[in-house]
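These notes concern the structure reproduced below.
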Amino acid sequence: MNNIIVFIETENGKLCDVSLELLTKGRSLASQLGCALEALLIGDNVKDLVPELASYGASKIHLAQDKRLVNYLTLPFSAITISLFRKEQPQIALFGATSAGRDLAPRVSSALSSGLTADCTSLEIGSHTDAKAGKTYENLLYQIRPAFGGNIIATIINPDCRPQMATVREGVMKREPLATPVKYSVNNIEVSESVSDTDFLVEIIERQIEERKIDIKGSPVIIAGGFGVGSKENFNLLFELAHVLGGEVGASRAAVDAGFADHARQIGQTGVTVRPKLYIAVGISGQIQHTAGMDQSAMVISINNDPSAPINQIADYAIVGDLNEVIPRMIKSYKKNSK
Amino acid sequence: MTKAFKIVVLAKQVPDTRNVGKNAMKEDGTVNRAALPAIFNPEDMNALEQALRIKDKFPGTEVLLLTMGPGRAADIIREGFFRGADGGVLLTDRKFAGADTLATSYALSMAIRKIQPDIIIAGRQAIDGDTAQVGPQVAEKLGYPQITYAEDIIDISKGKITVKRRLERGIEVVKSSMPVVITVHATAPACRPRNAKQLMKYKHARTLTEEQDNEHNSYLPLYTMDYLKIPEWGVNDIGGDEKNYGLSGSPTKVKKIENIVFQAKESKKLTSSAEDIEMLMQELISSHTIG
C-alpha cells in the first residue's frame with residue numbers, strides 16, 4: 001500500500017526504454033520515501049519480461065495478461081489501471097509520455113480525481129507549506145516541467161490527492177539496472193474483473209509501426225557536428241554525448257557532404273530547422289546557411305578550435321578547444337553531477 | 001437518407017507562446033504575458049477543420065464551438081463562425097478561475113452533457129501548457145471512448161466512426177462507436193480560411209456582456225437577431241457540484257514558477273579545461289537545460 005507504481009510499456013515483446021528509465025527514477029524516489037517500487041505490466045503473454053522489471057528494482061509486479069491486450073487500447077488498459085490504483089492506493093504513479101502513456105494517464109487521473117503533470121523533466125521529493133491553511137505537507141512529489149512554450153519552469157505538487165501522477169518523456173531520466181535484481185512477487189490480475197466486453201468496442205483495424213526514425217526536430221537537445229569534426233569516427237563522440245544527454249545528433253551541410261553523417265541529420269537552410277533547448281555546435285564555423293536552421297535554439301554552446309569562428313557570435317558559451325578533449329569531459333562531468 | 005450529426009469542437013484561446021520575441025520580454029528578461037497576442041490554439045484549428053469536413057459530407061450537420069475562458073474568449077466563437085461553424089458557447093464564470101486540467105474537464109463535460117453531441121472534437125493539446133490531458137479527461141467524465149492524435153476522420157457509417165491516428169512512430173486506424181471524443185494532431189489538414197459571406201454575416205456576433213459593455217450601442221438593432229447572440233454559460237447554467245470547479249476542483253497546485261531569464265546575447269568564453277567544463281555542466285543541470 002501507498003507505494004510507487006510504474007506503468008510498463010512493451011513493444012515487439014520487449015520492455016520500452018522509457019519504462020526502464022521510470023523504474024530507475026522510481027527506485028530512487030522509493031528509497032527516499034521508504035516505500036516499495038512496483039510495476040504494472042499489461043499485455044498478451046508478457047510474463048517472461050517480469051524478471052527484467054525486478055532487475056530495475058520492482059519488488060511487486062502486477063501482471064494483467066489477455067490475448068486481446070496485445071496492443072494498447074484506451075478502455076481496457078484504463079479499466080485495469082483504475083481498478084488496480086483504487087485497490088493498491090499508490091502514493092505515486094509514473095507513466096511514459098508516449099502515445100499510450102499520454103492517452104492513458106489523463107483518463108486514469110480523471111477517474112480518480114487525482115492530479116497529473118505531463119512531460120516532467122525532473123521529479124524530486126520535498127515538502128510544502130500551505131500558509132493559508134497553516135498546513136505542512138511532507139514527502140510530496142515535486143513535478144518539475146517547462147511550461148508556457150518553455151519560457152518558464154514550473155514545480156507542480158498535488159498536496160491532497162493520491163496518486164500523484166506524472167508522465168515523463170523517453171530519454172529524460174537515466175536507465176540503470178541493479179547489479180543484483182530485487183526479490184519480487186507477482187500479483188496476477190484477473191482481467192475480467194475490471195474489463196468488460198464493451199471496453200473492446202473501439203477496435204484497431206490497421207496498425208503500421210515504423211522502425212525508429214531519426215527525429216532531430218523533436219529533440220530537446222541537439223549535438224551538431226560540422227566539417228571541423230574531421231571524420232565519421234569522430235562523430236561517434238557526438239553520438240555518445242547525445243546518448244548521455246538524451247539528445248540527437250545533427251550535422252551541417254559540409255559534414256553531410258563529406259559523408260560524416262546521414263542526410264536526415266542535416267540542419268540549416270537546405271536541411272531541417274530546429275529550435276531545441278540546447279544546441280551544441282561542434283566544429284561548425286557558423287555560416288548563415290547553417291545558423292538559419294538553428295538560431296532559434298534556447299541555448300547554444302559552441303566547441304571550436306578557432307576562437308574567431310562566426311558561430312561564437314551567436315553562442316551563449318564558446319568553448320575554444322579540441323572536441324576530443326572537451327566532449328569526454330562533458331560526459332564525465334554530466335555523469336557525476338546529474339541526479 | 002444521409003444522417004446529420006451534432007458536433008462540439010473544444011477550442012481554447014491561448015497566448016502565442018511560439019512567438020516570444022524581444023518586445024515580449026520585460027526588463028528583467030522574463031516573458032511579459034500581457035504582450036503576447038491571444039490566438040486560437042493551433043491544434044484546435046485542425047480540430048475545427050475535421051468537424052467542418054464532416055459537415056461538408058453530411059449536410060445538416062451542426063458544428064458548435066465550446067470554449068472556456070474570460071469574456072475576450074468570445075473571439076474563439078466568432079472565429080469559428082467565420083470559418084463555417086453554426087454556433088458556439090462561451091463558458092465563463094469567476095467560479096471557473098484557477099482551474100487545472102481536471103477542473104477544466106469537469107466544466108467542459110457538464111456543458112457537453114447539456115448539448116448532447118454525437119461527436120466531440122478537440123485539438124490534441126494547447127500550446128500554453130502542452131499537456132494533452134483535457135481531451136481524455138473529458139471523455140472519461142462522460143464515459144465515452146476516446147481517439148487521440150487523429151489525423152483524418154476516414155468514415156462515418158452505421159453508427160461507427162473510423163479514424164486514422166498518428167502515433168510516435170507510425171499510424172493506427174481505429175473504429176469506434178459514438179458518442180466519442182476525438183483529439184486532433186497537428187499533422188491533420190490545416191483549417192480552411194475565413195469565408196467572406198460568413199464574415200459579413202457574423203462580424204457583429206457577440207455575447208450579452210460584450211453588448212452591454214459596448215458604450216455606443218451602435219449595433220443594438222442588429223443584436224436583436226438571435227443568430228448574433230453568443231450564449232455565455234456559467235456554473236448555474238451547467239449545474240454540477242461547485243467544489244469540482246475552479247481552484248477547489250484542481251488537485252494540482254503550482255508550487256513555484258521560475259522564469260527562464262533571457263540574457264542579452266554575449267557569449268561567455270570557456271577553455272577546454274576540466275574546471276571550465278565542470279562549471280558549464282553544473283550550470284546546465286541547475287537551469288534544467290539538461291536532465
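Quick look at the numbers
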read-out	value
Phi to ³J(HN,Hα) by Karplus 6.51 cos²θ - 1.76 cosθ + 1.60 over the range B:239-252, Hz, x for Gly, Pro	x, x, 8, 4, 6, 8, 9, x, 4, 6, x, 10, x, 8
Charge tally in the Cβ shell below 15 Å around B:Ser248, where Lys, Arg are +1 and Asp, Glu are -1, B:Ser248 excluded	-1
Pairwise label distance in nanometres, A:Arg86 with B:Arg94, each label 7 Å out on the Cα-Cβ vector	3.8 nm
Relative exposure of B:Tyr227, A:Tyr184, judged by other C-beta atoms within 10 Å (fewest first)	B:Tyr227, A:Tyr184
Expected 222 nm ellipticity per residue - DSSP helices of 4 or more, -39500 (n - 2.57), all of the protein assembly as shown, to 500	-8000 deg cm²/dmol
Pair-distance profile P(r), taking every C-alpha pair of the range B:6-249, with 5 angstrom steps and integer %	1, 6, 13, 17, 19, 16, 13, 8, 4, 1, 0, 0
Rg followed by Dmax, in Å, when chain A is reduced to its Cα trace	22.4, 69
Fewest-first ranking of A:Asp66, A:Asp119, using other Cβ atoms within 10 Å as the exposure measure	A:Asp66, A:Asp119
Shape call, the range A:4-200: gyration tensor on alpha carbons, a/c limit 1.5	prolate
Gaussian network model of chain B, springs between alpha carbon atoms under 10 Å - residue of B:Leu64, B:Leu247, B:Leu48 with greatest fluctuation	B:Leu247
Cα gyration tensor category, rounded, prolate or oblate, for the range A:28-110 with a/c compared to 1.5	oblate
Percent of C-alpha pairs per 5 Å bin, the range A:221-337, short to long	2, 13, 25, 28, 21, 8, 2, 0
Amide H contacts of B:Lys255 (H built 1.01 Å from N, under 5 Å, at least 5 apart or other chain)	A:Thr155, A:Ile156, A:Ile157
Amide H contacts of A:Ser99 (H built 1.01 Å from N, under 5 Å, at least 5 apart or other chain)	B:Glu168
Length gained when the stretch B:Glu210-B:Lys243 is fully extended (0.36 nm per residue, less Cα-Cα span)	9.1 nm
Over the protein assembly as shown, volume per residue of the alpha carbon convex hull, in Å³	178 Å³
Antiparallel content of DSSP bridges confined to chain B, in %, to 5	40 percent
In nm, spacing of pseudo-spin labels at B:Arg169 and B:Asn195 (7 Å Cα→C-beta vector)	4.3 nm
Across A:Lys87/B:Lys158; B:Lys114/B:Lys253; A:Lys60/A:Lys332, pairs whose alpha-carbon gap is larger than 31 Å	A:Lys87/B:Lys158; A:Lys60/A:Lys332
Label-reachable residues, the range A:309-339, where backbone N falls under 17 Å from a point 7 Å from B:Ala274's Cα toward its Cβ	A:322, A:324-338
Phi to ³J(HN,Hα) by Karplus 6.51 cos²θ - 1.76 cosθ + 1.60 over the range A:118-129, Hz, x for Gly, Pro	8, 6, 5, 9, 7, 10, 9, 9, x, 10, 8, 10
For the protein assembly as shown, share of DSSP beta bridges that run antiparallel, in % to the nearest 5	35 percent
A:Gln65-A:Glu206 FRET efficiency (beta carbon distance; Förster radius 30 Å; 0.05 resolution)	0.80
Taking chain B and dividing mean pair separation by its residue count, relative contact order in percent (alpha carbons under 8 Å, at least six apart)	22 percent
Length gained when the stretch B:Tyr227-B:Lys158 is fully extended (0.36 nm per residue, less Cα-Cα span)	21.6 nm
Percentage relative contact order, the range A:247-339, counting C-alpha pairs under 8 Å, at least six apart	20 percent
Most mobile of B:Glu210, B:Glu43, B:Glu140 in a GNM of chain B (Cα contacts under 10 Å)	B:Glu210
³J(HN,Hα) computed for each position of the range A:228-240 - Karplus, 6.51 cos²θ - 1.76 cosθ + 1.60, integer Hz, glycine/proline x	x, 5, x, 7, 5, 5, 5, 4, 4, 4, 5, 5, 5
Distance in nm between pseudo-label sites at B:Ala186 and A:Ala133 (7 Å out along the Cβ direction from Cα)	3.6 nm
Taking A:Thr121, B:Thr209, A:Thr98 and counting other C-beta atoms within 10 Å, the order from fewest to most	B:Thr209, A:Thr121, A:Thr98
Amide hydrogen neighbours beyond the local backbone of B:Phe5, cut-off 5 Å, H modeled	B:Thr61, B:Glu62
Contour minus Cα-Cα distance for A:Glu325 and A:Thr270 (0.36 nm per residue)	16.7 nm
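No lab work stands behind these numbers, since they all come straight from the coordinates. Since this is a predicted model, take the numbers as computed values, not measurements. Backbone-built Cβ (ideal geometry, glycine too); neighbour counts: all protein chains shown.
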